[in-house]
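Okay, so here's the structure we're looking at.
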Amino acid sequence: MNKLKKTPWLIFSFFILVVIGLIVSCRPPAEKYDLVIRNGLVVDGSGNPWFRADIGIRGQRIAAVKDHLSSDRAATVIEAEGLVVAPGFIDIHTHADRDLLDIPGCENYISQGVTTLVGGNCGGHELPLAELFREIEKKGIACNFASLAGHNTIRRQVMGMKMENPTAEELDRMKELLRQEMAAGALGLSTGLAYLPGTYSTTEELVELASVVGQTGGFYASHIRNQGQRITEAIEEAITVGEKNGIPVQISHIKLAAEEVWNQLERITAPVEAARHRGVEVTLDQYPYTATSSGFTSSLPQEVFEGGREKFLERLQNPEIYNRVKQAVIRNRLTSSRGIDKLETIYIASSRKFPEYEGRNLKQILELQGKAANVDNGAELIIDLVKEGDVSAIFFQMDEKDVEALMKLPYVMIGSDGGLQVAGQGSPHPRSYGTFTRVLGEYVRERKIITLEEAIRKMTSFPAQTMRLKNRGLIREGYFADLTIFKAAEIKDTATFAQPHQYSRGIVQVLVNGQVVLERGRFTGQRPGVIIHGPGFRQK
C-alpha cells in the first residue's frame, strides 16, 4: 500500500526534473567577452555618483555593464577591486598633431589616462588634413585623434603675412580651403588671435569664414585676442562668431593672465553666462597651472612681422623701430604692477639654437651671458630669441585662486594645451605629462575643489558632448571601450617645471577601443587608436 502511494510522487518528481532539465538546456549560454573588468568602482562620466559593476568588452565596444559577469566566459579578466574605472580622458586642446607621426605611442598622454587627443588648436593645423589622416592610419597610433582646421594656417596659405583685410577673392579661397578640411573630417574651426597672422584678422573676417562651419556642422574654438585687461571684449568677439553662425563656441585655455585682472572672475563669467542665457552654447577649457607656454612673438608689436621673417629682420636694423619694439617688450612682458621680477618668471622651454638656455629663466640666462639682470637687457634677450626663431617659453602669470575658481564653473572642462613629448628632450611645460592626474590628485583628493565625479565629467562626457563625438565619453553599452583604471588614493602628477619629463602615478590600466595600451605602468606597444572625423566628413 505504501509503495503504491509513493509511485505518483516518484512520477511527479521525475516529471519536474525533466522539465527543469529542458528549461536549463533551452537557456541561452552565457555571453562571451574578449575582456571583463570585474568589481570596479565605475565613475561613468555623467557626473553621477560611482557604482560598483563589471564591464564586458567585445571587440572595440562595451558590451555589458552589469552587477556580475561570469569571468569564465571572458578571454581576459582585469580585477579592479578598489580601483576607479572611468571613461578614457578626452583632451579637447592639444598640439599633438605636430609630432604624432614621430611619437605614435602617445606615451606622455596615455600615462595620464588620456585616450583621445584633439589637435589643430590655436589656429594652426597640418594642411591638408586628409594627407595627415592617411599617414596616421598607415602608421598606427596608440590613442584616438581628431583635429580642428586652423584659421592661421588657412590665412597664411592664401594671404601669406599680409596685415590687411582679405579681398573677396581671398576670402572665397579661404572658405574653400576650410570646406576641403571640413570634408576631410575637421571638427570645426580654430583661431589663434594672439598669434600671426590671425592677429591681423577682423571679427567680420572670422564670422564670414565660420559660416562654412555653420553649413557643415562643427564648433568654433578660439585662443582669444586678449587674456588680460581686454579679456571680456575678446570673449564677446568669440561669442559673436559663434552666435552669428549658430555654432557652439569653445574658449581655449581660459585664464586671467595679467596681474591687473587677477581675482576678477566676472570678466569671464559675465559675458559667458549672458550668452548662455540667450541660448548660445559657450564652453571653456583650462589647465591646472599658473604658467602658460608659447613663443615670444606675441610680446612684440605685431606690425613688425608684416610681410614675413625677412621684413621683420630688416625692420630691426632701424634703430627707431628697434627701440619701439624694445619698449613694447618691456611694457608687455617685463613690467609688473605688483613688484614681481618678471625676469625670474619666464623660462625657456625649448630652443634649437640655444639648448643651454632650456630650463633657465631670463635672469639666469643674462647671468650666464655675463650681463646685468635688468629689464633693458631682458628685452634685448627676448628680441634676440625671436630673431633666431623656434623658441618656446614658460610664463608664470596667473593666480592660483583663479585656477581654482575657474575649475568650479560647470561649463569649464579640462584640456592640457600640451603636446607629445620625447622623454628628456627640452624643458616643456609639465602640463604635457600631468594635466589630468594633477586635477584628480591635487584638486580632487587633496584640495577638494571639485568632486571626483565632476572632475571625470569635465574630462570625458563634457568634451565629447561639446565636440558631438558619438559613442565616446561615457561608460555605456554600445560605446567604444576607451577606459582608464586608476587608484584614487594614489593618483598624482609627478612632472614639475624643474623636472617635466616624469610620468604620473596611480594609473593602472588604459584601454583604447578595447585594447590595453598601458598595463600596470608598462606601455604594451599596441596602436588601436583611430581617426575621429567631424560631422562634415565625406568619405572618398
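Scan the stretch 253-276 for residues that are in contact (Cβ under 8 Å) with a residue 24 or more places away in the chain and of a type in the set (S, T, N, Q) and jot them down. Full working, then the answer.
Within the stretch 253-276, the first condition is being in contact (Cβ under 8 Å) with a residue 24 or more places away in the chain, and the residues that meet it are 253-263, 265, 267-272, 275-276.
Listed by number, the residues that qualify are Asn263, Thr269.
Taking the stretch 62-76, which residues are in a strand (DSSP E or B) and surrounded by 17 or more Cβ atoms within 10 Å (Cβ to Cβ)? Write out each step before concluding.
Pass one, the stretch 62-76, residues in a strand (DSSP E or B): 62-66, 74-76.
Scanning the stretch 62-76 gives Ile62, Ala63, Val65, Ala74.
Could we say that Leu177 is touching a residue at least 24 places away in the same chain (Cβ under 8 Å), of a type outside the set (S, T, N, Q) and surrounded by fewer than 21 Cβ atoms within 10 Å (Cβ to Cβ) here? Break it down stepwise before answering.
On the way: touching a residue at least 24 places away in the same chain (Cβ under 8 Å): yes; of a type outside the set (S, T, N, Q): yes; surrounded by fewer than 21 Cβ atoms within 10 Å (Cβ to Cβ): yes.
Here the answer is yes, as Leu177 does meet what is asked.
Among the residues that make up the stretch 16-35, is at least one of them under 24 Å from Gly521 (Cα atoms) and either at pLDDT below 95 or surrounded by 10 or more Cβ atoms within 10 Å (Cβ to Cβ) (or both)? Outline the logic, then answer.
Residues of the stretch 16-35 that are under 24 Å from Gly521 (Cα atoms), as a first pass: 34-35.
The next check asks that each one be either at pLDDT below 95 or surrounded by 10 or more Cβ atoms within 10 Å (Cβ to Cβ) (or both); those that pass are 34-35.
The answer is yes, given that some residue of the stretch 16-35 is under 24 Å from Gly521 (Cα atoms) and either at pLDDT below 95 or surrounded by 10 or more Cβ atoms within 10 Å (Cβ to Cβ) (or both).
Using the structure shown, decide if Leu313 is under 30 Å from Val158 (Cα atoms), within 23 Å of the chain's Cα centre (by Cα) and outside any loop (DSSP other than H, G, I, E, B). Give the steps one after another, and end with the answer.
Values: under 30 Å from Val158 (Cα atoms): yes; within 23 Å of the chain's Cα centre (by Cα): no; outside any loop (DSSP other than H, G, I, E, B): yes.
It is false that Leu313 is under 30 Å from Val158 (Cα atoms), within 23 Å of the chain's Cα centre (by Cα) and outside any loop (DSSP other than H, G, I, E, B).
State the number of residues belonging to the stretch 387-421 that are at pLDDT 95 or above, surrounded by fewer than 18 Cβ atoms within 10 Å (Cβ to Cβ) and part of a helix (DSSP H, G or I).
5
Say we look at the stretch 486-540 and pick out the residues that are surrounded by 16 or more Cβ atoms within 10 Å (Cβ to Cβ) and of a type in the set (Lys, Arg); which of these is nearest to Arg476 (Cα to Cα)?
Among those that are surrounded by 16 or more Cβ atoms within 10 Å (Cβ to Cβ) and of a type in the set (Lys, Arg), it is Arg527.
Could you list, in sequence order, the residues of the stretch 77-99 that are part of a strand (DSSP E or B) and not charged (D, E, K, R)? Write out each step before concluding.
Taking the stretch 77-99 first, the residues part of a strand (DSSP E or B) are 77-79, 84-87, 89-91, 94.
Listed by number, the residues that qualify are Val77, Ile78, Val84, Val85, Ala86, Pro87, Phe89, Ile90, Thr94.
I want to confirm something. Restricting to the stretch 328-354 and keeping residues that are assigned to a helix (DSSP H, G or I) and touching a residue at least 40 places away in the same chain (Cβ under 8 Å), which single residue is surrounded by the fewest Cβ atoms within 10 Å (Cβ to Cβ)? Show your work before the answer.
Of the stretch 328-354, the ones assigned to a helix (DSSP H, G or I) are 328-333, 342-344.
If we keep only those that are touching a residue at least 40 places away in the same chain (Cβ under 8 Å) as well, we get 329-330, 333.
Working: Val329: 23, Ile330: 18, Arg333: 23.
Filtering first and then ranking leaves Ile330.
I need every pair where a residue in the stretch 313-327 that is farther than 13 Å from Glu303 by Cβ has its Cβ under 8 Å from the Cβ of a residue that is acidic (Asp, Glu) and exposed (fewer than 15 other Cβ atoms within 10 Å of the Cβ), sequence separation at least 6 or different chains.
Taking only residues 6 or more apart or on different chains, the pairs are Lys326/Asp376.
Just one of the numbered conditions (1) part of a loop (DSSP other than H, G, I, E, B); (2) over 30 Å from Gly426 (Cα atoms); (3) in contact with a strand residue (DSSP E or B) (Cβ under 7 Å, 6 or more places away or on another chain) is not true of His253; which one?
Of (1) part of a loop (DSSP other than H, G, I, E, B); (2) over 30 Å from Gly426 (Cα atoms); (3) in contact with a strand residue (DSSP E or B) (Cβ under 7 Å, 6 or more places away or on another chain), only one is false for His253: (2).
The values are calculated or read from the model by the stated rules, or taken from the named source; none is laboratory data. This structure is a prediction, so every number in the text was calculated from the model and none was measured. Ideal geometry is used to build each Cβ from the backbone, glycine not excepted, and the neighbour counts take in all protein chains shown.
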